[in-house]
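Below you'll find the structure, written out as structure tokens, and then a few comments.
The values are calculated or read from the model by the stated rules, or taken from the named source; none is laboratory data. Since this is a predicted model, take the numbers as computed values, not measurements. Here Cβ is always computed from backbone atoms with ideal geometry, including for glycine, and neighbour counts include all displayed protein chains. These accessible areas exclude ligands, DNA and RNA; they are computed on the full protein's heavy atoms, side chains included. Shrake-Rupley method; radii C 1.70, N 1.55, O 1.52, S 1.80 Å.
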Amino acid sequence: MKTIDIARRCAELNAVNDASNAYILALHQGGLAPEERLEAAVYLLRMGGDYKVAYTQFTALYNEGQFREECLDIMTQAFYTPNVKLMKSRYEKNCAALKKYPYLFRTDFPKFEELPLRFYPFDDNGYLPFDPEKRAFGGYVNYNSPVVSRNFFKNLDDPILAKDVYSQYELEYLYDNVRPSEDVGRENHLYLHYESWEVFCAHLQVLNVRDLLGKKKIVFLFGDKISRYPIDFKEEYGIDYSQYPVKPIGVQDVHRLIWHTQLSSDNGGDFFNEVFDNHPNLICLPSVMMDHIEQSIQEARETYEKADKLRAAGQTPDFELPLAQKCYWDGARSDKDILVTLFMLQGGYMGGLDHAARICPALFFQPHFSNIDYDLFPDERGKTVIKADAYDTVRNSPVFKAFKYIKTFTPLRRFTTSYAATLRWQIEKLVPEKVANNERFVLPDLAADRVTNRSFMTDPEDRLYQDSVLVRFEDGKTNPEATFRALAAFLDLPYTESMTYCSEKGVHDVETAEGNVVGFDTATVYRTYDNYATDEERAYIEFCLRDAYEYYGYDFHYYDGGPVDEERIKKWLEGFTNINGYISRSWENNVLNNEGLTITKKGQPVPQKVTDEIKPLILADICKKNNNIRLKIGTAMIDGLYFVNKNGQPLRMMPRLELDPALLQEPLYH
């Protein structure tokens, strides 16, 4: 029996849920005749099934020329008519506001019924536009999607000119981030050019432009009136903006965040900070510890609370720092404002900031964590959920929530290289520091940590990653111009001279951290740190991350790409001599040779002296436990690499930054 026959039988028996599920399955399986698709869509809509499935079928059938009259009638009654009053009201209010606006040079608004597009709501966020003349539904559009889709700020020599901007989010983004002419002492209006007056008017049903008119910052141009760009405001309106002094950038001028994520250790984060240092349109510091930031914000908040108490007692607060005082009296006291203040107080890093720029600067923020540990666990449906406490800290941070405009980029370095480099750093730097401070410290299992860290995968429901890109460290080193022109375009920044060199506080080519190579030196691209990783360890990593290797353009150097079973993983684990040796020595030198161990017996801690006889047994047990964990992870990766968020939605690979082939100086690294 066919699936659709099962659906019909369930419908006859009034088993609505079963019938709906069967109809949906039949549609997904495909191969149905147009009348069967219509039957399924009508049933789902009529019986309260998944209306989006029905909606999609109605529009597809209409566009295919099937049952057009029936489909359009159903769509109009079910989705358009209940919302038309709201859209007409929005259109008329927009028109009324625009008729009074001095920099829109047309008032011949069509009647609502004559508009060339109708918008059929699909969900709470978006619409499907319908063109009655062409008799076609367009694709789904979310006008509030939090994505800046183009490089609006590529060239700041002239006033900003943007063509056919129909995204509410992008309109507000431009309005908030293009500075008023009065603030920069020159003509700096935002010019919006629309090819079609009629299409622009049609979008006034779904956009809200009224709130973007208050400061008279926008100039609207249509069709061939682009020739008026840019307008001589002194000549045409008698307004001479050069009489205004340049207003310095203030804390509350910063509306957008560039989040430079820390995927893991030794991924080239310092290098990217050095390239963006001293950018004229960024408030930029090197990486800062997230817990230090949170502590500093709390201390600043307490300072402001003390000032409130002094004022309540009739006293005048006395601030040590003028900027903090200004922020207090200006009311800039949110966590976001405090973070910007903390950055701007680092005067040594603010020397490159252009206070006369046409746009507001972005805050360039790389919060750092001492550890980024990812846990993988099955959900109730058997899918693998990924969780990291460090990421949850960022996602729940009031600072991140306060930024309306967020661009996210993540540097990625070849996994086996960053793995070995991290182990080297811990052996050569971290362990000696811990020992010198009399701290107990044992090396974590960096091999297991590396393959469970899948922070290059993004949650489609997560605001922080909806406008994100992944950048390969190797590309930045071997093809710097192509990489950083493309990254600047994604981040909506101009590619400036400051991005053609590495610096700290504007000083060119300095060693920003001990052991870092200087500038665009490619030495770290080709280092493999063989003393810190065996081939077996690296083959295991490549196998477990094989999907990322393929997606991000890395060739296998240690895993041959062949079939893998549990026995092969066990064979690899026998070769984990480097990591096992380092872990054992860290236990032996930093724990077992000190005060002994505390074990738990019957729920109670019991001190246990470590003798020379039991020490090898303890170390062997640690090695066995680590290998068991690695084996469990590796065997789980054999069947497939499928990961979901907490709501069961599939995670996606973060898009890779694509480079312009014409700008490549070297072949792409593999």
**Message:** Quick test of your reading of the structure: LEU363 fulfils all but one of (1) in a loop (DSSP other than H, G, I, E, B); (2) open to solvent by less than 60 Å² (accessible area, probe 1.4 Å); (3) modelled with pLDDT of 90 or more. Name the failing condition by number.
**Reply:** (1)
**Asked** What is the residue count in the range 512-551 for residues that are open to solvent by 70 Å² or more (accessible area, probe 1.4 Å) and in contact with a strand residue (DSSP E or B) (Cβ under 8 Å, 6 or more places away or on another chain)?
**Response** 1
**Prompt:** Mind checking which pairs have a first residue in the range 520-545 that is modelled with pLDDT of 95 or more and a second that is small (Gly, Ala, Ser) and assigned to a loop (DSSP other than H, G, I, E, B), Cβ under 6 Å, 6 or more apart or different chains?
**Reply:** THR534/GLY575; GLU536/GLY575
**Prompt:** Does LEU321 count as in contact (Cβ under 8 Å) with a residue 12 or more places away in the chain and crowded, with 17+ Cβ neighbours inside 10 Å?
**Reply:** no
**Asked** Here are some conditions: (1) among the aromatic types (Phe, Trp, Tyr); (2) open to solvent by 70 Å² or more (accessible area, probe 1.4 Å); (3) in contact with a helix residue (DSSP H, G or I) (Cβ under 6 Å, 6 or more places away or on another chain). TYR241 meets all but one. Which one does it not meet?
**Response** (2)
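For every residue, the table says whether it meets (1) surrounded by 15 or more Cβ atoms within 10 Å (Cβ to Cβ); (2) touching a helix residue (DSSP H, G or I) at 6+ places or on another chain (Cβ under 9 Å); (3) at pLDDT 90 or above; (4) closer than 30 Å to ARG527 by Cα.
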{"position": "ILE231", "(1), (2), (3), (4)": "yes, yes, yes, no"}
{"position": "TYR237", "(1), (2), (3), (4)": "no, no, yes, no"}
{"position": "ASN267", "(1), (2), (3), (4)": "yes, yes, no, yes"}
{"position": "PHE272", "(1), (2), (3), (4)": "yes, yes, yes, yes"}
{"position": "VAL275", "(1), (2), (3), (4)": "yes, yes, yes, yes"}
{"position": "ASN278", "(1), (2), (3), (4)": "yes, yes, yes, yes"}
{"position": "PRO286", "(1), (2), (3), (4)": "yes, yes, no, yes"}
{"position": "ARG301", "(1), (2), (3), (4)": "no, yes, no, no"}
{"position": "LYS309", "(1), (2), (3), (4)": "no, no, no, no"}
**Complete:** For the range 309-331 the number of residues that are over 22 Å from GLY250 (Cα atoms) and not hydrophobic (A, V, I, L, M, F, W, C) is 5
**Request:** Determine if the range 460-472 includes at least one residue that is of a type outside the set (Ser, Thr, Tyr), more than 11 Å from the chain's Cα centre (by Cα) and within 24 Å of GLY352 (Cβ to Cβ).
**Result:** yes
**Message:** So, in the range 100-138, how many residues would count as being more than 29 Å from the chain's Cα centre (by Cα), more than 16 Å from HIS203 (Cα to Cα) and exposed (fewer than 14 other Cβ atoms within 10 Å of the Cβ)?
**Reply:** 7
**Fill in**
Just one listed residue, out of VAL165, VAL148, VAL141, is among the hydrophobic types (A, V, I, L, M, F, W, C) and either in contact with a Gly (Cβ under 7 Å, 6 or more places away or on another chain) or exposed (fewer than 14 other Cβ atoms within 10 Å of the Cβ) (or both), and it is VAL141
**Request:** Return the residue satisfying two criteria in turn: it lies in the range 455-509 and is among the small types (Gly, Ala, Ser) and in a loop (DSSP other than H, G, I, E, B), and of such residues it is nearest to PHE276 (Cα to Cα).
**Result:** GLY506
**Request:** Output the number of residues of the range 28-83 satisfying the condition of being among the aromatic types (Phe, Trp, Tyr), open to solvent by less than 70 Å² (accessible area, probe 1.4 Å), assigned to a helix (DSSP H, G or I) and within 25 Å of ASP131 (Cα to Cα).
**Result:** 5
**Request:** With the condition kept exactly as written, say whether any residue in the range 560-569 is closer than 22 Å to ALA421 by Cα, in contact with a Lys or Arg (Cβ under 9 Å, 6 or more places away or on another chain) and crowded, with 21+ Cβ neighbours inside 10 Å.
**Result:** no
**Count of residues meeting criterion [closer than 18 Å to ALA202 by Cβ, without any contact (Cβ under 8 Å) to a residue 24 or more places away in the chain and assigned to a loop (DSSP other than H, G, I, E, B)] in the range 139-171** = 3
**Request:** Looking only at the range 168-190, decide whether some residue is closer than 21 Å to ARG106 by Cα, of a type outside the set (Phe, Trp, Tyr) and either open to solvent by 20 Å² or more (accessible area, probe 1.4 Å) or at pLDDT below 95 (or both).
**Result:** no
**Message:** Contact list please: Cβ distance under 7 Å, first residue in the range 643-658 and more than 12 Å from ASP462 (Cα to Cα), second residue surrounded by fewer than 12 Cβ atoms within 10 Å (Cβ to Cβ) and at pLDDT below 90, pairs at least six apart or on different chains.
**Reply:** GLY648/ARG381
**Request:** Please identify the pairs in which a residue from the range 398-417 that is free of Cβ contacts under 8 Å to residues at least 40 places away in the same chain and basic (Lys, Arg) has its Cβ atom under 7 Å from the Cβ atom of a residue that is open to solvent by less than 10 Å² (accessible area, probe 1.4 Å) and in a loop (DSSP other than H, G, I, E, B), counting only partners at least 6 apart or on another chain.
**Result:** none
**ILE599 being touching a strand residue (DSSP E or B) at 6+ places or on another chain (Cβ under 8 Å), farther than 24 Å from ARG413 by Cα, open to solvent by less than 90 Å² (accessible area, probe 1.4 Å) and at pLDDT below 95** = yes
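Condition check ((1) surrounded by 17 or more Cβ atoms within 10 Å (Cβ to Cβ); (2) of a type in the set (Phe, Trp, Tyr); (3) assigned to a helix (DSSP H, G or I)) across all residues:
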| residue | (1), (2), (3) |
| --- | --- |
| LYS407 | yes, no, no |
| SER418 | yes, no, yes |
| THR422 | yes, no, yes |
| GLU428 | no, no, yes |
| VAL451 | yes, no, yes |
**Complete:** Of the residues in the range 472-498 that are over 26 Å from PHE415 (Cα atoms) and of a type in the set (A, V, I, L, M), the one that is most open to solvent (accessible area, probe 1.4 Å) is ALA489
**Request:** Would you check which residues across the range 499-511 are at pLDDT 90 or above and touching a strand residue (DSSP E or B) at 6+ places or on another chain (Cβ under 9 Å) and list them?
**Result:** TYR501, CYS502
**Message:** Taking the condition of being open to solvent by less than 20 Å² (accessible area, probe 1.4 Å) and either of a type in the set (Phe, Trp, Tyr) or not in a helix (DSSP H, G or I) (or both), how many residues in the range 329-351 meet it?
**Reply:** 2
